[in-house]
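Inspection log for the structure reproduced underneath, given as structure tokens.
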Amino acid sequence: MPKEDIMTIDATVNLHKRLHGVTFKRKAARAVREIKKFASNKMHTTDVRIDANLNKFIWSKGVRNVPYRVRVRLSRKRTDDDEADEKLYTLVSHVPVKSFKDLTTQKVDETDRE
């Protein structure tokens, strides 16, 4: 596979607009689904996996009070399983930031990774 298949980007997801009008008791679960949908559209994979730290951040204020925005790192990787339908999957992890001002979607270099 070409090297471009494996890539990583940092993006900001505005959960506030994606969860407008959602029932209180379903907001956090819906937020997880919306992040998966965002990652699937951005990275062009159907297999999207949410990191445990991102899940904890979404649920940190309870089921009703989901954070307005979240900064995520979308990493498209190769699947280890040979029998998988798709050869690539997307891992979505949380990137803590102090402010969301002037943040854009940007490609992350291999040297910048943790």
Sort all Cα-Cα distances of the chain into consecutive 5 angstrom bins from zero, then give the percent of pairs in each bin up to the one containing the longest distance.
2, 11, 21, 23, 19, 12, 7, 4, 1
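Report, to the nearest whole %, how much of the accessible area of the range 1-84 belongs to carbon and sulfur atoms, 1.4 Å probe, protein only. Working shown, then result.
Working: 2410 of 5260 Å².
That fraction is 46 percent.
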Spatially proximal lysines relative to residue 17 (Cα-Cα < 19 Å; intrachain offsets below 8 disregarded):
25, 27, 36, 37, 42, 61, 101
If you average 1/r over every pair of different alpha-carbon atoms in the range 52-111 and take one over that average, what Kirkwood value in Å do you get?
14.0
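The values are calculated or read from the model by the stated rules, or taken from the named source; none is laboratory data. Predicted model, so just to flag it, every value in this text is computed and none were measured. What goes into the accessible areas is simple: the full protein's heavy atoms, side chains included, and nothing from ligands, DNA or RNA. Shrake-Rupley method; radii C 1.70, N 1.55, O 1.52, S 1.80 Å.
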